[in-house]
Structure formats: structure tokens, C-alpha cells
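A short write-up of the structure that comes next.
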Amino acid sequence: MNSARYLISIAVRAISAFVLLMPVLAQAQEKADKLQRTMPHATAEQMIKMVLGLLFVLFMIFLLAWLFKKYVGVGVTSSASLKAVAGVSVGQKERVVLVQVGERQILVGVAPGQVNMLYSLEKDDEIKFAGKSQAKNPFAEKLKQSLTRMEKQ
């Protein structure tokens, strides 16, 4: 019942505000009509010039994008002969990464603004990785243990 009264009071306020604003809106409409009569209307020739100008600008944007893509290139492409084999963080922004380049593996240090070669491994010195499944993760082991305990209870 209170919500119905509240809605009715809002409706009454909105209608009274509209009624009070009617003279202001009428004056604004008269000024807009007067301004429209004094300003020249756009002719068909002006509209054609405007549309052609817009089309020219759009054409130039697409042409420049195509030229940039063709001559500068977009990003780094993925390559089968170059891949990051492993990496470890040694600081807040520093990493040591093992990169496979063809048949060679290179150990590089990566920091903001620089990359330094630390060591180069030849074919016979290569480090083989079986994958993350064999790596020991203490958190994963603890989680697995606690889950098995919960299942037994």
C-alpha cells in the first residue's frame, strides 16, 4: 500500500514538473524555429562534398593501415625453430629463460630493457624436459593428501 502511494506521489511530481516547464519548452521551440529559418540549409552539393570527404578520409586510413602492415609488419610471428623451453623468476622483474633456437639451447637473462646471453648449450649438452607432470609441486601434493583424507572420512 505504501509503495502504491509512493508511485502516485512520484507521478504527480513528474506531471507538475512537466506542466511548469511547458512555457520554457515552448519558448525554446520558438527560438529553435527562428534560428532554423535564419540559417541556410545544406544543399545536395554540400552533402555530396561532405560524404566524398568522409570517404576519402576513410580510404586514407585503410591505405595507411595496409601500407603499415605490409612494410612494417604486425607483431612477432610464431616460429617452430624458436621457442622458450623453460623459465624461472630470479627477482621481481628478472627472469632466466632457456630458449631453443633450432638445434641449440641458449640460456638468457631477461630484465626490463635488456636481454643477455648467459650460456650456450650445444646439441650434446641439451637439457631434456619431460614436462611439468614429473616436476614436484609441494602445494599440489599437500592438496592431494588433504583431499584423500577428506574422502576417507
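Coordinate-derived values only; no laboratory data. Because the structure is predicted, anything quoted here is derived from the model rather than measured. Positions of Cβ are backbone-derived with ideal geometry, glycine not excepted, and every protein chain shown enters the neighbour counts.
Under unit Cβ charges (Lys, Arg +1; Asp, Glu -1), what dipole magnitude, rounded to 20 debye, does segment 2-70 have relative to its Cα centre? Please list the in-between numbers first.
Working: 8 positive and 3 negative charges, 52 e Å.
Roughly 260 debye, rounded to the nearest 20.
Spelling out what I want: for every residue of segment 92-106, take phi, set θ = phi - 60°, compute 6.51 cos²θ - 1.76 cosθ + 1.60 (Karplus), and round to whole Hz; glycine and proline get x.
Ordered by residue, 3J(HN,Hα) equals 5, 10, 10, 9, 10, 10, 9, 10, 8, 10, x, 8, 9, 10, 10 Hz.
With r as the distance between the Cβ atoms of Lys69 and Ala44 and R0 = 35 Å, compute the FRET efficiency 1/(1 + (r/R0)^6) and round to 0.05.
E(calc), rounded to 0.05, equals 0.40.
Scan around Leu121 for amide H atoms under 5 Å from its own, H built in the peptide plane at 1.01 Å from N, and keep only partners 5 or more places away or cross-chain.
Correct list: Gln105, Ile106, Leu107.
Quick one: Arg13, Arg95, fewest Cβ neighbours within 10 Å first, how do they rank?
So the residues, fewest neighbours to most, are Arg13, Arg95.
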